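Taking it in order: structure first as structure tokens, then the write-up.
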Amino acid sequence: MHIACPHCLAVNRVPDERLHDDPTCGRCGKPVLDGQPVELNDQTLATVAGKTELPVVVDFWAPWCGPCRQMAPQFQAAAAQLKGHAVFAKVNSDDSPAASSQFAIRSIPTMVLLRGGREIARQSGAMGAAQIVQWVKSHAG
């Protein structure tokens, strides 16, 4: 399984049976699948999403958005539950206008599920952790 490091963008090969063992990047030594959402931006989103074979769940949000702040701990809990099954990423739509435009983000929070850098599902509005997990599982296969 190929996983792009969200910190240095190096592509790491992780055996399927080690996806749940907190693998670290061979280049920078930082975790690549620790069950925590990673911060991505205009420059890093395409690389991480396009070079990671696991599904990538992107939460487009903004700090001024009440529902976004309300959903943040739920998104983090869902990331922990799906550790090793998906990469969870957060993109601040104010700081990353190109990514927001590329994915035609019209309202926030909006989650976009990517596989191989391509969108396979989208959901707008705040959701609970159980709903997020179910949504990812139902669309990521």
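The values are calculated or read from the model by the stated rules, or taken from the named source; none is laboratory data. This is a predicted model, so every value here is computed, not measured. Don't worry about glycine lacking a Cβ; one is built from the backbone with ideal geometry, like all the others, and counts go over all protein chains shown. The protein model used for the area step is the full one, side chains on, heavy atoms only, and it has no ligands, DNA or RNA in it. Shrake-Rupley method; radii C 1.70, N 1.55, O 1.52, S 1.80 Å.
Just a few scattered comments:
- Between the Cα long axis of helix 129-140 and the first principal axis of the chain there is an angle of about 70°, rounded to the nearest 10.
- Available extension along the chain between GLU17 and ASP94 is 23.9 nm, counting 0.36 nm per residue and deducting the alpha carbon span.
- Computing Rg/Rh (Cα atoms, Kirkwood Rh) directly from the structure and comparing it against (1) 0.94; (2) 1.30; (3) 1.04 singles out (1).
- Distance from the alpha carbon centroid of region 82-106 to that of region 24-52 works out to 12 angstrom.
- Only protein heavy atoms count here; under a 1.4 Å probe, ASP95 has an accessible surface of about 120 Å².
- Carbon + sulfur, % of accessible area of the chain - ligands and nucleic acids excluded, 1.4 Å: 48
- Simple Cβ-charge dipole of region 1-105, Lys/Arg +1 and Asp/Glu -1, about Cα centre, in debye nearest 20: 100
- What the chain shows is 49 Å² of accessible area per residue, with the surface traced by a 1.4 Å probe over protein heavy atoms.
- The residues neighbouring VAL57, those whose beta-carbon lies less than 13 Å from its own, together hold a net charge of +3 under the Lys/Arg +1, Asp/Glu -1 convention.
- In degrees, nearest ten, helix 66-81 long axis to first principal axis of the chain (Cα): 20
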